[in-house]
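Quick note: the coordinates plus some simple rules give every number you see, no bench work behind them. Because the structure is a prediction, the values reported are computed rather than measured. Here the Cβ is made from the backbone with ideal geometry for all residues, glycine too, and neighbour counts use every protein chain on show.
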Amino acid sequence: MKAGEVTGDRLRVPRDNDNDYTHVMAAIRRDFVQEQTGAELSHVAQYSFDPSVLPGNIENFMGVAQVPIGVAGPLRIHGEHAQGDFFVPLATTEGTLVASYNRGMRLLTECGGVKATVVEECMQRAPVFIFPDAVQAREFGHWVAGNFDAIRQAAESTTHLGKLINIGQYQVGPLRYLRFNYTTGDAAGQNMTGKATSAACEWIKKTYPGDPDYYLSGGIDTDKKHSHLNMLLTRGKRVVAEAVIRKDLLKQIMGVETRDLFRFRQVQMTGAFLAASANNGAHAANALAALFIATGQDVADISESHAAISYSQLLDNGDYYWSITLTSLIVATYGGGTGLPTQRQCLEMLGCYGAHHASKFAEICAAVVLAGETSLACAVLHGDWVTSHERLGRNRP
C-alpha cells in the first residue's frame, strides 16, 4: 500500500505488504503522522535496534516510547530459584519511585534478606458450553470429567510446553463453564492456552452427542481483568515473599517503631476491606509495572498481577514479620517482548533471560513488591510521603 492511500472513505496508515519492518517504512509512517497531525516525532524516531526483530510484537511500527530506567538495590533474596543480591531495573516516569524501592531494599537486605517461593502456578482459558436446559448441561459436565484424558490429549497436541492439569466446572442455568488449567513453562501462556483449548473444544464438539454449541471464552478466565476467582484459584504464579524486619533497623532506617507500624497496618487493612480492594497492601502495581515495562512483560497483565494479600505479625521480641502473596502474577522470561534488545538486557541484569527462569523472576518480583510495601507504609507513618514527592518528583507541566 502506498503512503496515505485512501480506501473507501478511510485514509489508511502506510504499509508494505512485502517487508513492513524496515527503517524506511518506519520513517514513512512518521512522515504520514506528522502530515496528518502536525506532531514532530524526532524523539520517537531514536532507537538502537533493527525493526526486523519486531514481527510478532507490533504492527505499523514507527518508533519507540522511551521510558527512563532506574536501578535499585542490592536486594538480597533467599528464594528457591532466586538466590543472591540483585540490582533491579525499574522503568518509570514517577519521581520518588526508584528511591523508595531502593530504601525498602536496603531495609530488607540489612535485616537478612527476603525469602521467596512460588507455591502454585496455572494459566487458564475458560470456554462455556450451551445446552437447552440445566439437566443436559449437568450431564455434559459428568462426561467431561470422565473423558479428561482424551480432552487433555487433544489440547496438548498443539503445544510442547503447555500441560493441561485439570478442568474446573461451574454451572449457571443451561450454561456449563469449563476452566482449563495449564502449566506453560517459561511463557506467560495466554495464547498457548487459547490455542490448546480451542483444539480441545473442537474435539469435544465433534465427539459429544448433539454437537453442542460453545464460546472459546465464557469470561471466567478473566483475561486482563482482576477477579476474586483468580485470587482464590491462582492465575499465572502464586508467589510469596516474606521477611522478618528487625525492630532496631526499622527505627534506624525508617524512623518508625514496629508497634506503630503494626497498628497502622491494621487500620490500612480494615480500609482495604471496606473498599473491597483487590489488594490489602500499599502499591504492588508500582513495582510490577516498572518491572514489566523494563523486562518486556505484557503490561496489561498488571490488571491481574497486582492483586495481593499482605499478612504481618508483631513478634514477641518486637521484630516484625511481613509477607506479601501475589495471587495472580503473570510473567515470562521467554517469548513475547522478553527477547527485544533492551528488555532482554534488563532480564539479563537479573539472570532471568530465557528458558527455566520464570519462577526465579516471579520470586524477584514478589521480593521487590515487599520492598516497596515497607518503604511506602513507613513513609506515610513517619510523615515523609508528601515531602519526598515534593523533593524528588520535581517535574511540573
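The shape of the range 6-53 comes out oblate: with a ≥ b ≥ c from the C-alpha gyration tensor, a/c is at least 1.5 while a/b does not beat b/c. Applying both filters, DSSP loop and at most 12 other Cβ atoms within 10 Å, to the trypsin sites (Lys or Arg not before Pro) of the range 257-321 eliminates every site.
So for the range 28-152, averaging the separation of alpha carbon pairs under 8 Å that are six or more residues apart and normalising by length, what relative contact order in percent results?
Details: 113 pairs, mean separation 22.4, N = 125.
18 percent.
Solvent-free Debye calculation, one equal scatterer per alpha-carbon of the range 111-153: log10 I(q)/I(0) at 0.35 Å⁻¹ equals -1.16.
Ignoring the sites themselves, what is the longest stretch of the chain with no GluC sites (Glu not before Pro) in a DSSP loop and at most 11 other beta-carbon atoms within 10 Å? Can you show the working numbers first?
On the way: sites that count: E40, E59.
That gives 60-397 as the longest site-free run.
The phi torsions of the range 352-369, fed into the Karplus equation with coefficients 6.51, -1.76 and 1.60 and a -60° offset, translate into couplings of 10, 7, x, 5, 6, 10, 5, 5, 4, 5, 4, 5, 5, 4, 5, 5, 5, 4 Hz, rounded to whole numbers, with Gly and Pro shown as x. Amide H contacts of V256: K251, each under 5 Å away and 5 or more positions distant or on a separate chain (H built 1.01 Å from N in the peptide plane; Pro and chain starts excluded).
Here's the list of aspartates and glutamates a cross-link from K205 could span, going by alpha-carbon distance under 12 Å and ignoring same-chain residues fewer than 8 apart: D213.
Of all trypsin sites (Lys or Arg not before Pro) in the range 143-247, which ones are in loop regions per DSSP and have a Cβ with at most 13 other Cβ atoms within 10 Å?
Details: sites: R152, K163, R176, R179, K195, K205, K206, K224, K225, R235, K237, R238, R246, K247; in loops: K224, K225, R235, R246.
Here the trypsin sites (Lys or Arg not before Pro) that fit, given the DSSP loop and packing criteria, are K224, K225.
Label separation (D260 vs V380): 1.6 nm, computed from points 7 Å beyond Cα along the C-beta direction. For the range 30-46, backbone phi angles converted through the Karplus equation (6.51, -1.76, 1.60; θ = phi - 60°) give residue-by-residue couplings of 5, 4, 4, 5, 5, 5, 7, 10, x, 6, 9, 10, 5, 6, 4, 7, 8 Hz, Gly and Pro being listed as x. For K237, the lysines whose Cα falls under 23 Å of its own Cα, not counting residues fewer than eight places away in the same chain, are K115, K163, K195, K224, K225, K360. Each residue of the range 164-175 was assigned a 3J(HN,Hα) from its phi angle through the Karplus curve 6.51 cos²θ - 1.76 cosθ + 1.60 (θ = phi - 60°); the sequence is 7, 9, 6, 10, x, 10, 9, 10, 10, x, x, 9 Hz, with glycine and proline shown as x.
Of all chymotrypsin sites (Phe, Trp or Tyr not before Pro) in the range 273-337, which ones are in loop regions per DSSP and have a Cβ with at most 11 other Cβ atoms within 10 Å?
none
With R₀ set to 25 Å, the beta-carbon distance separating V135 from Y215 gives a calculated FRET efficiency near 0.75.
Net charge near W203: determine it from the other residues with C-beta under 14 Å of the C-beta of W203, scoring Lys and Arg +1 and Asp and Glu -1. Present the calculation step by step, with values, prior to reporting the outcome.
On the way: positive: R152, K195, K205, K206; negative: D149, E156, E202, D211.
Residues close to W203 contribute a combined charge of 0.
How do D221, D186 line up, fewest other C-beta atoms within 10 Å first? Don't skip to the end; give the middle numbers.
Working: D221 26, D186 21.
Ordered by Cβ neighbours within 10 Å, fewest first: D186, D221.
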